[in-house]
Structures are given as structure tokens and as C-alpha cells.
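Heads up: the structure comes next, in C-alpha cells.
The values are calculated or read from the model by the stated rules, or taken from the named source; none is laboratory data. Quick caveat: nothing in here was measured; it's all calculated off a predicted structure. Positions of Cβ are generated from backbone atoms using ideal geometry, with glycine treated the same way; all protein chains shown enter the neighbour counts.
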Amino acid sequence: MCGIAGFYLRDGAADPEDIKAMCDAIVHRGPDDEGARVEGGCAIGMRRLSIIDLSTGHQPISNEDGALWIVFNGEIYNYQELRRDLIAKGHRFSTNSDTETILHLYEEEGPEGVKKLRGMFGFAIWDSRRRSLFVARDRFGKKPIYYAKTKDAFYFASELKSLRIFDLDWAIDEDALRLYFQMMYIPDPYTPFRHVRKLMPGCWIRHNADGSVEEGRYWRLPVPESRRGIATDPALVASEVRAKFDEAVKIRMIADVPLGAFLSGGIDSGSVVASMALQSKDPVKTFSIGFEEADYNELPAARMVAEKYKTEHHEIIVRPDSVSLLERISRHCDEPFGDSSSIPTLIVSEFARQHVKVALSGDGGDELFGGYPVFFNVEEQKKFDRIPRFLRKGIGVIARNLPYSAYGKNYLRLMSRQSGLDRYVADRALPFYKTHELLPPAWRLPAERETEFFQRHMPDFLLPAGADPLAQAFYFEATANLSGDMLVKVDRMSMAASLEVRSPLLDHELAALAMSIPPDLKMRNGRGKAIFLDAVGDRLPPKLLTLPKKGFAVPLAKWYRTSLKAFLWDHLLSREFLDRGMVCEPFVRTILEEHQSGRRDNAALLYALLMLDLWFRDWKQPKRRAADLLEAVSDG
């Protein structure tokens, strides 16, 4: 596990000090080692967190004749099999690392070879013969790649902060921030800046000596099965899921350093720990955190799994320094990021890092097997299609004229929507009716353009028109939300603690199997993940299966009324925040007062706004960047 960075200048020689500065900015991603290759106008570098082949895995690594050089962030779980095949074809290896396997695979097959990799990765290969720089990202986007293209150069890095040393065009991307206000994160391929992008999951890009750029996609998530009542044997499907899940866990237990697992008290993390325990001769190291507030304390549930499998269990109850924690999270995320579960993720990562360098997690189970309430909402809302269109339009007029404070306003707005996709889009993290109140006219989208804006900016995450709404929800949650939210949170917070996190449920072969399963096997009798429970539920304590879903959360709503109140109000009512012209001051005051009085729980929206302000403040004083960044927002 590492952080990588590099650039390729069309004219002139690369400065070794620049690549060193890029890598120094991400030392937390790899505190064990560093390395760089500078050749002509190209420089690639890395910071290494040593996990596999501790003695000979130093990067960059070259092929036999030194024509190819690679820097790599991630893990390839089938590298030993690939290595054997490559040796049989005449390739000679100088290390036992998965990194070198990628290099020889590229030498043998070019970009097509990426399809054979099973794992999580972001890597760059300098080809001195072609004078080209090739960069690729894993299928789900577990490992990040940011890049910027100019007429004279190409830059890339694992984190945005590595690019800040260059005088790039840092103009704000207003559309990206509009997406943030709706999603509470900035989805791929966007960043807060118009001229910096993220490489899409399952894609590669190659920059050539003449300045030309080639781009390709090597994988897409299969379209979810949408047919109900298919003649499928549930027992057979459950058996397939169980076998593929156990295999995904097993290959992620390979490491030359101490390894453990997050244990939150939920079904997914409990299932991962159970599978690890059944496939390991030694006790599994497990890590859980809890809070003084009973509603957020999952330690008793986690303890049930730990006791059943006699794990080497570690747990703490925490009351963190919330202000300091939020400022750190903002710096590590590099862009506005409104998922408050970053807080417990950072805490548990730092806790686990005291004992291990690798931890397995249960991320991905809800997206692939239907564990979120949104899937049931989509099914329930299909009944609105039976309302005549003219009547729905009338309901929409009524909804628009109701005051924000009216209960049921959003329900009527959803009822008035003209399609399942329209409803799904309108009810994302921040429903459209709230964005109309929050954003000033200059930032607000007309009602008739809301869904169109969403479709235009996120085509890679949407199925063709007319697709089943539930299939669309499954696809969107397992693509856009995973790469833009869940996996950003896991990568940035774990890397902040120099901890590698592996997600067996996001093995791409298991994901393909999950997408092929009919929805009525996933969502049965009002419960999600039914087929997953058929597969592995017998491994969990029976009482655990009856507990309500909590999610990985912190008592933020309470903190905003107590220990974090002054910090929150000072930031969101500051002239520095309000004068950027992106939010309506009266509405910000309304949601603050509503939350303080207990009338509504606005913690999620308040967190997103607070993280937006913290991000702007953090980006105010970079090492080198355009001086008019903040003014660009007001002028935009």
C-alpha cells in the first residue's frame, strides 16, 4: 500500500525536487519507504507502506532491461498465479512483489493486461521506449488517482495535495459543487477544480510524448438483474455466494505483516470476521469502538461475534476531540466531503494501527445485496406511477408552494415526479426541495433541469432510459456512491492512519455474482441482504440477526447541540462562509435553529456545510496555487 505521484513534461527536464515534494505531501500513505525515477521530462515517485515482500519490494521497480518503470498503490491478490504464467513465458523477476507482476503483465499484454488483475490498485508505468506514461485505477475505485492535463504537461497523484506544488489552473468547478450540494460528495470524475479530474474506476489513461492522450475502460459493473420470480434455486445461489465470499476473504488474508479486521457489530463485518476465523489457525485480531451514547454504541453486538470466534478482541469507548478531528478529516479528504462516518472510520483506523498494518472491513454488503432503506423506498414509490400524470403535476404545484417547514413536503414532491429515475434522483442525500431553500438563485437549478443536470453529469452511473428503478438504484449505489463516498471515506481515513484496509465484499467476481441475483432473493419479507444471510447467516450469533441496522455513526446530532455548538455556529454564520455566495443565510440560520431546538435532526446537512467551509479554509493557503481561488467562487 502506497501513495504515488508523478508528471510528464512535453518539453524540458523534470526536476527531482518536484517529485520529492509531491511524495512528501502524502508521507502518511507510506511512512516505511520512498523512491523516485526521473528520466528526461518524466518523474514518478512513491511513498510505501510495506505489506508484501518487505525486503525486496522497494519502488520504483523496472523490468529486465530498464525500459519500463512502475510505481504502485494497492494489492493484487492473484499476483502469484499471474507471476507463474509470466515466468513460463520467459519473464525474469528480481523481486517477490505484486508490483513487479503488474509491470511484466503490462510488458506482455499492454493495457489489456489490466483486465487480469484482481485487487485494488492505482499504478503508473513509465515506458521509455514509447516515451509514454500509463496510469490505471481499479474496478471500484478503491484507490484514488487525480490528474491534470495542460498543453505542456500531465500530472497525477493519489491525493490532490500532491498537485498543489504546481501552478495549475485552480479555477473552481461550480457544477462539481452543485453535485456536492446534492450528493454530499463530489462524484467521479469531478473535483472541486475545473482542470483537475479523478480517473474513473475501471479506466486507464496514457500520455504520450507528443502530448496526445489515450483513454480506455477495461471494466464496468454488470447491469443488475431486474426480473422477479426467476426459476432460481435459492439454496444453490446461497451456496455460490458463500463459496465466492470465503474465497474473497481468503485471498485478502495474504500479508507479511500483522493483519486484523474491523468489527462494527453489523452483519457484514461480523461475516468477514467469521470467515477469517474459519480459515485461520490463529485467533483473528478484531477492533471495535464505542461511544458513551447508548444509541451509537455497538460494542455489545461486536462482542457477541468476538466471543463466538474467540478473537483477539480490542475495544475502546471514545469521546474524541471533535474540533481537532474534523479539521484533520477535512485536510485528509482534500475536497469537500460530507459523510460524517469518516469520524468513526478515522478513530477505528488509528486504534487498529496500534496493533496491525492491515485490516479487513465489511464495506460493500449493503450496496451489492440490498441492505439500504433506499432500495425499499424505490419499490414502495412505484405506486406513484398509478397516479395520472396531470394529477401528479397538480400535486407538484402544491408541494412547491408549501413552506419548507411543512411536514410531508418532500413526500408530495416525490409523488409528483414523472418517473422512477426522476424520484430516485430527486431524493438523494440532500433532496431537491432542500437545495432550493439552501442555494441562492445564481446556484439554484430550475425544477425542470434538476434531473437533466444529474443525467448529463453522471452518465457512467445511470442505466439506459426505461431501466427498472430498482436496478438503477442498485447500479448507482454500487458505482457512484461506492467510488465517490464509501471508498473515499475508507481510503482517506485509513491512509491517514497508515493502515491498509481490504474489502472482501467488493471483490469484483463476488460483485458480478451479486448483480446476477434477482432482487426478490436479495429483498425478502421486508428485509435486505436476504440471500447473503441465507449464505452466511448461520455463522453469526442469532441475536445479532434481530438487531436493527444502525450504520457506522457518531452522536453528531448531540455534539452539535453541546460540545460542537460554538464551533459549528461560528463557522456557518461567519462572513467568510456566507459571503462566498453559495448558500442563503436565512436558511442556514433556520436549519441551525431547528437542530438546536430539536424540531429536526439536521446533523447530516450541517456536517456537509461545515466540511465545505473547513475545506475552503484549508485550501486558502497552499504552497503554490492561483491566488484568486476563493474569489473565483464569488465571481462564478
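Going through Ile205, Ile172, Ile165, Ile186 one at a time, which residue ends up being out of contact with any His (no Cβ under 9 Å at 6 or more places or on another chain), of a type outside the set (S, T, N, Q) and over 27 Å from Phe453 (Cα atoms)? Explain how you work it out, then say what you get.
On the way: Ile205 fails: over 27 Å from Phe453 (Cα atoms); Ile172 fails: over 27 Å from Phe453 (Cα atoms); Ile186 fails: over 27 Å from Phe453 (Cα atoms).
Of Ile205, Ile172, Ile165, Ile186, the one residue that is out of contact with any His (no Cβ under 9 Å at 6 or more places or on another chain), of a type outside the set (S, T, N, Q) and over 27 Å from Phe453 (Cα atoms) is Ile165.
Is there any pair with a first residue in the stretch 308-336 that is assigned by TED's automatic domain parsing to the domain that holds Ser275 and among the small types (Gly, Ala, Ser) and a second that is in a helix (DSSP H, G or I) and modelled with pLDDT under 90 whose Cβ atoms are under 8 Å apart and which are 6 or more apart or on different chains, and what are they?
Ser330/Asp618
Kindly check whether there is at least one residue in the stretch 291-306 that is modelled with pLDDT of 95 or more, assigned by TED's automatic domain parsing to the domain that holds Pro541, of a type in the set (A, V, I, L, M, F, W, C) and touching a Pro at 6+ places or on another chain (Cβ under 9 Å).
yes
Do any helices (runs of 4 or more DSSP H) entirely within the stretch 414-511 hold 2 or more residues that are over 24 Å from Asp175 (Cα atoms), and if so, which?
Per the criteria, 469-476, 487-496.
List pairs: first residue in the stretch 235-250 and touching a residue at least 40 places away in the same chain (Cβ under 8 Å), second residue assigned to a helix (DSSP H, G or I) and β-branched (Val, Ile, Thr) anywhere in the structure, Cβ distance under 7 angstrom, at least six positions apart or on different chains.
Close Cβ pairs satisfying both conditions: Val237/Ile531; Ala238/Ile531; Val241/Ile531; Arg242/Val536; Phe245/Val536; Val249/Val272.
Residues checked against (1) of a type in the set (Lys, Arg); (2) out of contact with any helix residue (DSSP H, G or I) (no Cβ under 8 Å at 6 or more places or on another chain); (3) under 18 Å from Ser269 (Cα atoms):
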| position | (1), (2), (3) |
| --- | --- |
| Ala530 | no, no, yes |
| Asp538 | no, yes, yes |
| Pro542 | no, yes, yes |
| Trp559 | no, no, no |
| Leu578 | no, no, no |
| Val588 | no, no, no |
| Asn602 | no, no, no |
| Leu605 | no, no, no |
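Here is a list of conditions, (1) assigned by TED's automatic domain parsing to the domain that holds Gly528; (2) free of Cβ contacts under 8 Å to residues at least 24 places away in the same chain, and Glu448 meets all of them except one; can you say which number that is?
That leaves (1) as the condition not met.
Conditions first: (1) at pLDDT 95 or above; (2) more than 30 Å from Pro504 (Cβ to Cβ); (3) touching a strand residue (DSSP E or B) at 6+ places or on another chain (Cβ under 7 Å); (4) surrounded by fewer than 24 Cβ atoms within 10 Å (Cβ to Cβ). Val38 passes all but one, so which condition is the exception?
(3)
Which of the numbered conditions does Phe140 fail, given that it passes all the others? Conditions: (1) closer than 26 Å to Gly581 by Cα; (2) part of a loop (DSSP other than H, G, I, E, B); (3) touching a residue at least 40 places away in the same chain (Cβ under 8 Å).
(1)
Looking only at the stretch 256-282, how many residues end up being surrounded by fewer than 18 Cβ atoms within 10 Å (Cβ to Cβ) and either β-branched (Val, Ile, Thr) or under 23 Å from the mean Cα position of the chain (by Cα) (or both)? Spell out how you get there, then give the answer.
Filtering the stretch 256-282 down to residues surrounded by fewer than 18 Cβ atoms within 10 Å (Cβ to Cβ) leaves 256-258, 278-282.
Those left that are additionally either β-branched (Val, Ile, Thr) or under 23 Å from the mean Cα position of the chain (by Cα) (or both): 257.
The number of residues fulfilling the criteria is 1.
Here is a list of conditions, (1) surrounded by fewer than 23 Cβ atoms within 10 Å (Cβ to Cβ); (2) under 29 Å from the mean Cα position of the chain (by Cα); (3) under 21 Å from Thr99 (Cα atoms), and Ala21 meets all of them except one; can you say which number that is?
Result: Ala21 passes all but (3).
Would you confirm whether or not the stretch 611-629 contains a residue that is at pLDDT 90 or above, within 17 Å of Thr435 (Cβ to Cβ) and buried (at least 20 other Cβ atoms within 10 Å of the Cβ)?
yes
Take the residues in the stretch 352-373 that are in contact with a helix residue (DSSP H, G or I) (Cβ under 6 Å, 6 or more places away or on another chain) and in a helix (DSSP H, G or I), then tell me which one is farthest from Leu414 (Cα to Cα).
Residue satisfying both the conditions and the ranking: Gly365.
Looking only at the stretch 325-334, decide whether some residue is touching a strand residue (DSSP E or B) at 6+ places or on another chain (Cβ under 9 Å) and farther than 29 Å from Leu545 by Cα. Explain how you work it out, then say what you get.
Kept after step one, since they are touching a strand residue (DSSP E or B) at 6+ places or on another chain (Cβ under 9 Å), are these residues of the stretch 325-334: 334.
This time we only want the ones that are farther than 29 Å from Leu545 by Cα, so: 334.
Yes - at least one qualifying residue is present in the stretch 325-334.
So which of Ala535, Ala530 is touching a strand residue (DSSP E or B) at 6+ places or on another chain (Cβ under 7 Å) and not β-branched (Val, Ile, Thr)?
On inspection, the qualifying residue turns out to be Ala530.
Looking at the stretch 71-98 only, could you name the residues that are touching a residue at least 60 places away in the same chain (Cβ under 8 Å) and within 15 Å of Arg252 (Cα to Cα)?
Within the stretch 71-98, Gly74, Glu75, Tyr77, Asn78 qualify.
Let me spell it out: the conditions are (1) among the basic types (Lys, Arg); (2) buried (at least 17 other Cβ atoms within 10 Å of the Cβ); (3) farther than 29 Å from Leu612 by Cβ, and Arg353 meets all of them except one. Which number is the exception?
All conditions pass for Arg353, except number (3).
If we keep just the residues of the stretch 158-180 that are in a loop (DSSP other than H, G, I, E, B) and more than 15 Å from the chain's Cα centre (by Cα), which is surrounded by the most Cβ atoms within 10 Å (Cβ to Cβ)?
Of the stretch 158-180, the ones in a loop (DSSP other than H, G, I, E, B) are 158-159, 166-171, 173.
This time we only want the ones that are more than 15 Å from the chain's Cα centre (by Cα), so: 166-171, 173.
Numbers: Phe166: 18, Asp167: 9, Leu168: 19, Asp169: 12, Trp170: 23, Ala171: 18, Asp173: 20.
The qualifying residue surrounded by the most Cβ atoms within 10 Å (Cβ to Cβ) is Trp170.
Matching residues to (1) crowded, with 19+ Cβ neighbours inside 10 Å; (2) under 30 Å from Asp210 (Cα atoms):
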| site | (1), (2) |
| --- | --- |
| Gly12 | no, yes |
| Asp33 | no, no |
| Glu75 | yes, no |
| Arg83 | yes, no |
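Any idea which residue in the stretch 570-584 is farthest from the chain's Cα centre (by Cα), counting only those that are assigned to a helix (DSSP H, G or I) and surrounded by fewer than 18 Cβ atoms within 10 Å (Cβ to Cβ)?
Per the criteria, the residue is Arg575.
For the stretch 1-109, list the strands (runs of 3 or more DSSP E) that sit wholly inside it and hold at least 3 residues that are among the charged types (D, E, K, R) and assigned by TED's automatic domain parsing to the domain that holds Tyr147; which are they?
33-39
Out of the residues in the stretch 393-427 meeting the condition of being over 27 Å from Glu477 (Cα atoms) and charged (D, E, K, R), tell me which one is surrounded by the most Cβ atoms within 10 Å (Cβ to Cβ).
Arg400
Tell me, please, whether a residue that is in contact with a His (Cβ under 6 Å, 6 or more places away or on another chain) and assigned to a helix (DSSP H, G or I) can be found in the stretch 285-301.
No, every residue in the stretch 285-301 fails to be in contact with a His (Cβ under 6 Å, 6 or more places away or on another chain) and assigned to a helix (DSSP H, G or I).
Among the residues of the stretch 321-333, write down those that are touching a helix residue (DSSP H, G or I) at 6+ places or on another chain (Cβ under 8 Å) and more than 17 Å from Ser494 (Cα to Cα).
Scanning the stretch 321-333 gives Ser322, Val323.
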